[in-house]
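Structure first, commentary second.
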Amino acid sequence: MRAGLLALIAAVAGPLPGQQHGHPPKPAPSTYVTSKFGLAMQVPKGLHICALPKDWSGTDDGTVLFLMPPSECVVGRGADSSVRVTSRFAPNIMLRYRANSGRVDHFDGAIPPARSSMELASQLCAKPEISSQFKLLEQPAITCRSSLPGQNVRVVLFSLYDSGRKLLLLSLTTAQVRLAADERVLERVASGITACSAV
């Protein structure tokens, strides 16, 4: 079941085979909006992005904010918008969204649409918890924490919105030694996300 979590919030990792050319990161804009999925996010100052190419033709499913600027961005033209590959790992906050339409898991088979944020988190996480620290869409966030290789850690916040028709995942991937400081940034980003009318 946790394999689905890895698929939904794939880590921003090292270089892809055969990709040699990249570009430098840019300062993140103060606001991120997806009109298709009806979300707006206020972005704190000091974060960075790997901008999508002008001829990008992938799927709109999210974005990535880097807490430290990566040394190089190698974003592909056909990648999903939440896939921002870098030449080396850089701590990041990933926003992902999609329709709450269920999915097919390689181990568990067909999984129906989640009926609540806790059910969504339970489908993807072994021990989801209601957070006293984070709020997402003005509600206490459902969270999941996991340890990663290389003394890294991931914190994921889950929420259904638009009357349960859409789902939102906000994840922090960072080094254990940076966790306390980076969680404060995650808290600001999470509290700055609002639902709006989709186009």
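The values are calculated or read from the model by the stated rules, or taken from the named source; none is laboratory data. These numbers were taken from a predicted model, which means no experiment stands behind them. Ideal geometry is used to build each Cβ from the backbone, glycine not excepted, and the neighbour counts take in all protein chains shown. These accessible areas exclude ligands, DNA and RNA; they are computed on the full protein's heavy atoms, side chains included. Shrake-Rupley method; radii C 1.70, N 1.55, O 1.52, S 1.80 Å.
Restricting the chymotrypsin sites (Phe, Trp or Tyr not before Pro) of the stretch 90-165 to loop positions (DSSP other than H, G, I, E, B) with no more than 11 neighbouring Cβ atoms within 10 Å leaves Phe107. Note on the stretch 115-156: Kirkwood hydrodynamic radius from all Cα pairs is 11.0 Å, rounded to one decimal. For Ile130, the solvent-accessible surface computed with a 1.4 Å probe is close to 120 Å², ligands and nucleic acids excluded. For the cross-link pairs Lys45/Lys127; Lys36/Lys135; Lys54/Lys127; Lys36/Lys127; Lys135/Lys166, the ones whose C-alpha atoms lie over 29 Å apart are Lys45/Lys127; Lys54/Lys127; Lys36/Lys127. In units of the compact-protein estimate 2.2 N^0.38 Å, the stretch 82-199 shows a Cα radius of gyration of 1.08. Mean projected area of the Cα convex hull of the stretch 148-199, taken over all directions, amounts to 4.4 nm². At full extension, Ser71 and His23 could sit 16.4 nm farther apart than now, given 0.36 nm per residue minus the alpha carbon distance.
When the chain is modelled as a GNM with alpha-carbon springs shorter than 10 Å, which of Leu39, Leu157, Leu65 fluctuates the most? Comparing Leu39, Leu157, Leu65 in the GNM, the peak value goes to Leu39. Shape summary of the chain, radius of gyration then Dmax from alpha carbon positions: 16.0, 44 Å.
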